[in-house]
Amino acid sequence: MWVAFLLLVLVNICSAFFQPAMQVAIVQSVDEKDRLGANSLLQGTTSFLIIVCQGIAAILVYLFSYRYNFLLDAACYFLSLLILLRLPPLVTERVQQASAGFFARLQEGFRYISRQKEIGRVILYQMAERICAAYYIMLMFYILQERGEGLYVFGLLDIPLGLGGVIAGVIATKLADRFSDHKLSVAQGWALVAMGICIYAVFHIQPIMGMAVAILFCAFASFLSSILSVTKLQRLTDPAYLARVFSIREMATMGSFSASCLILGVGAEHVGSAVSSVWLAVFGIVAGVGWLWSRRQLQRREAGTE
């Protein structure tokens, strides 16, 4: 058990390094007008592969052993390493000499975010979205322990999760062509509200098919908000601070997600998943309404200064 836990810790540590680097690579290699499309394509592809790879994993476990899944996972990481090594060097503008120490540069990142209020608001928004996304961790306990369903049921529910991400990638690309930045911000707020409503539905609808539909809409809202937020951060952040901003964003979002998982886990064991989901749903709705209200206030202030 401790070996599996250690592997999960190492995978998450590697992911923490990869995410900021990936965002810098996207900004430096993709024009600003095409970044929303690039992020949408990335999210849609990732979500589609969730569906495909879950099926492959289920077949391997059924026919052979779970050990083959770990071997295949390791092979995928090795293949990723080979691909990354062959990437051409990106042309960068050395705005600032990287002679400062790690903690000094991290402090500069925090100071930069404190000066750029809009970046701080987007990170807070993503923290709220990650808190809501922790419902999926509680879902395993709900399906396997409280409902007594088989593990295959939980695996099948990954299908609507992946489909939601694919649809979000397509819709986000369409929104970019038709909506202004203000309307995209409004879409972010309603996405959080929708997550709250769907979370309540997931844990209160009895038929599995109804639960799957609720997960589909919840995943769509979650992935859509993530795509729009990441694109907005890429547009707002000075390239010299991009890696630090996304590192701090990763720290904040993963920290909020972990804290939410802990609180929901304790809550589910003491009062049940259904009751805990009500708390989470209310938080999502309140956070979404709060975001919409703040956007309206900001728009009024901008209109008053013109």
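Any read-out appearing in this document is the output of simple, stated calculations on the displayed coordinates, not a laboratory observation. Since this is a predicted model, take the numbers as computed values, not measurements. Neighbour counts run over all protein chains shown; Cβ positions are idealised from the backbone, glycine included.
Structure above, values below:
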{"quantity": "Residue 259/residue 78 FRET efficiency (R0 35 Å; Cβ-Cβ; nearest 0.05)", "calculated": "0.60"}
{"quantity": "Estimated distance in nm for a label pair at residue 205 and residue 235, the labels positioned 7 Å out from Cα along Cα-to-Cβ", "calculated": "3.2"}
{"quantity": "Neighbour-count order for 270, 182, fewest beta carbons within 10 angstrom listed first", "calculated": "270, 182"}
{"quantity": "Label-to-label distance, nm, for residues given as residue 103 and residue 274 (7 Å Cα→Cβ offset)", "calculated": "5.1"}
{"quantity": "Residues residue 170 and residue 60, FRET efficiency given R0 of 41 Å [Cβ-Cβ distance, rounded to 0.05]", "calculated": "0.85"}
{"quantity": "Cα centroid separation - region 269-294 against region 98-159, whole Å", "calculated": "15"}
{"quantity": "Environment charge of residue 222, counting only residues whose C-beta is closer than 13 Å and scoring Lys/Arg +1, Asp/Glu -1", "calculated": "0"}
{"quantity": "Protection proxy ranking of 196-208, 251-263 - average other beta-carbon atoms within 10 Å, highest first", "calculated": "196-208, 251-263"}
{"quantity": "Projected label distance in nm at residue 110 and residue 30, using a 7 Å step from Cα toward the beta-carbon", "calculated": "3.1"}
